[in-house]
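**Student:** This structure is in structure tokens; I'll ask about it shortly.
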Amino acid sequence: DLPDIPGVEVAARYRAATEGTLVGGDFYDLFETGQGDWVTVVGDVCGKGAEAAALTGLVRHTIRAVSVREQAPSRVLRQVNRQILRGRVDRFCTAMVGRIRPNEERVRFTVSCAGHPAPLVYRPGRTVESTDCEGTLLGVFGDPELVDRSIELNPGDTVVLYTDGVVERFERAGRGGDAHLVSLLWESQGEDAQGIADRIYRDAAMSGSEVAKDDLAVVVLRVRPHGSGAEAT
């Protein structure tokens with residue numbers, strides 16, 4: 001279940017690559033820290049099966065625990081990296097951690113990416129921009145390169161977080177991967193977070209004629225426009 005965030009609409013969609021499987025390598029999370037902000041996570045664990053599921057649990061648990069005391073997403077990811085290396089897990093993980101802090105006029109979104117696709121920021125009628133937050137994947141190096149980037153979001157602005165399974169499905173269908181995702185955002189003018197998430201999910205899930213080789217996960221955060229009385233979902 002997704003929490004309510006004041007002034008922010010939230011939506012998420014998930015699909016495992018193998019039909020009938022509820023848990024895959026991709027994962028997402030969204031939770032309140034108790035400090036007036038919320039943390040969102042999207043990640044991708046190498047492989048499938050019990051070992052991958054165990055690593056997913058370790059990553060999610062560590063992020064939730066560390067986010068209570070660490071403000072910077074990059075520091076949270078560094079702690080995750082340490083836990084993976086300490087556990088001698090023979091797998092790696094990509095992840096993106098974002099901290100959401102609403103105020104009366106806008107929302108500040110601070111993000112760090114560890115080998116994971118950077119979130120897209122859609123500002124209706126203006127731009128779709130990628131966030132410059134690229135860093136090193138987790139579970140390989142003792143001191144990964146990680147950075148924090150802060151973005152100011154105004155009413156109507158949307159952040160889309162996703163795993164590479166989304167764009168890979170577009171690419172296999174000959175639709176251009178990242179470019180097609182950008183075009184879907186432009187086509188979503190006026191839609192709420194649920195509508196945007198549905199648009200991306202449906203298009204990705206239907207892309208390609210072959211059996212899907214990767215999971216997909218999408219999280220959409222949209223700052224509620226002024227005058228909107230709709231509750232976050």
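The values are calculated or read from the model by the stated rules, or taken from the named source; none is laboratory data. This structure is a prediction, so every number in the text was calculated from the model and none was measured. Ideal geometry is used to build each Cβ from the backbone, glycine not excepted, and the neighbour counts take in all protein chains shown. Remember, those area values only see protein heavy atoms, side chains included, never the ligands or the DNA or RNA. Shrake-Rupley method; radii C 1.70, N 1.55, O 1.52, S 1.80 Å.
**Student:** Mind checking which residues of the range 128-153 are within 18 Å of Leu221 (Cα to Cα), open to solvent by 50 Å² or more (accessible area, probe 1.4 Å) and either of a type outside the set (D, E, K, R) or free of Cβ contacts under 8 Å to residues at least 12 places away in the same chain (or both)?
**Tutor:** If the condition is that a residue be within 18 Å of Leu221 (Cα to Cα), open to solvent by 50 Å² or more (accessible area, probe 1.4 Å) and either of a type outside the set (D, E, K, R) or free of Cβ contacts under 8 Å to residues at least 12 places away in the same chain (or both), then Glu129, Ser130, Ser150 are the ones that fit.
**Student:** Please verify whether Leu77 is open to solvent by 10 Å² or more (accessible area, probe 1.4 Å), of a type in the set (A, V, I, L, M) and part of a helix (DSSP H, G or I), treating the condition exactly as stated.
**Tutor:** It is false that Leu77 is open to solvent by 10 Å² or more (accessible area, probe 1.4 Å), of a type in the set (A, V, I, L, M) and part of a helix (DSSP H, G or I).
**Student:** Of all residues in the range 86-96 being open to solvent by 10 Å² or more (accessible area, probe 1.4 Å) and in contact with a Gly (Cβ under 8 Å, 6 or more places away or on another chain), which is modelled with the highest pLDDT? First the steps, then the outcome.
**Tutor:** First pass over the range 86-96, keeping only residues open to solvent by 10 Å² or more (accessible area, probe 1.4 Å): 86-92, 94.
Subset that is in contact with a Gly (Cβ under 8 Å, 6 or more places away or on another chain): 89, 91-92, 94.
Numbers: Val89: 73, Arg91: 81, Phe92: 89, Thr94: 95.
It comes out as Thr94.
**Student:** Another question, then. Residues in the range 17-26: is at least one among the charged types (D, E, K, R) and modelled with pLDDT of 95 or more? Before the answer, list the steps.
**Tutor:** Start the filter on the range 17-26 by keeping residues that are among the charged types (D, E, K, R), which leaves 19, 26.
Then keep just the ones that are modelled with pLDDT of 95 or more; that gives none.
No, there is no match, as no residue in the range 17-26 is among the charged types (D, E, K, R) and modelled with pLDDT of 95 or more.
**Student:** Let me ask something else. Among the residues in the range 62-71, are any at pLDDT below 95, assigned to a helix (DSSP H, G or I) and either open to solvent by less than 30 Å² (accessible area, probe 1.4 Å) or within 17 Å of Ser150 (Cβ to Cβ) (or both)?
**Tutor:** No.
**Student:** Next up: Only one residue in Cys113, Cys93 is within 20 Å of Leu30 (Cα to Cα) and within 11 Å of the chain's Cα centre (by Cα), so which one is that?
**Tutor:** Within the list Cys113, Cys93, the selection yields Cys113.
**Student:** Further question: Identify, from the list Thr33, Thr40, the residue that is touching a Gly at 6+ places or on another chain (Cβ under 9 Å) and modelled with pLDDT of 90 or more.
**Tutor:** Within the list Thr33, Thr40, the selection yields Thr40.
**Student:** Let me ask something else about it. Search the range 97-113 for residues being in a strand (DSSP E or B) and more than 11 Å from Val8 (Cβ to Cβ), and hand back the single one that is most open to solvent (accessible area, probe 1.4 Å).
**Tutor:** The qualifying residue most open to solvent (accessible area, probe 1.4 Å) is Arg108.
**Student:** Something else about it: I'm trying to understand the selection: among the residues of the range 116-147, which are among the charged types (D, E, K, R) and either over 16 Å from the mean Cα position of the chain (by Cα) or not in a loop (DSSP other than H, G, I, E, B) (or both)? Please lay out each step first, then the result.
**Tutor:** Residues of the range 116-147 that are among the charged types (D, E, K, R), as a first pass: 123, 126, 129, 132, 134, 143, 145.
Selection gives Arg123, Arg126, Glu129, Asp143, Glu145.
**Student:** Next question. Which one is surrounded by the fewest Cβ atoms within 10 Å (Cβ to Cβ), of the residues in the range 202-233 that are at pLDDT 90 or above and either part of a helix (DSSP H, G or I) or not basic (Lys, Arg) (or both)?
**Tutor:** Within the range 202-233, the match that is surrounded by the fewest Cβ atoms within 10 Å (Cβ to Cβ) is Pro225.
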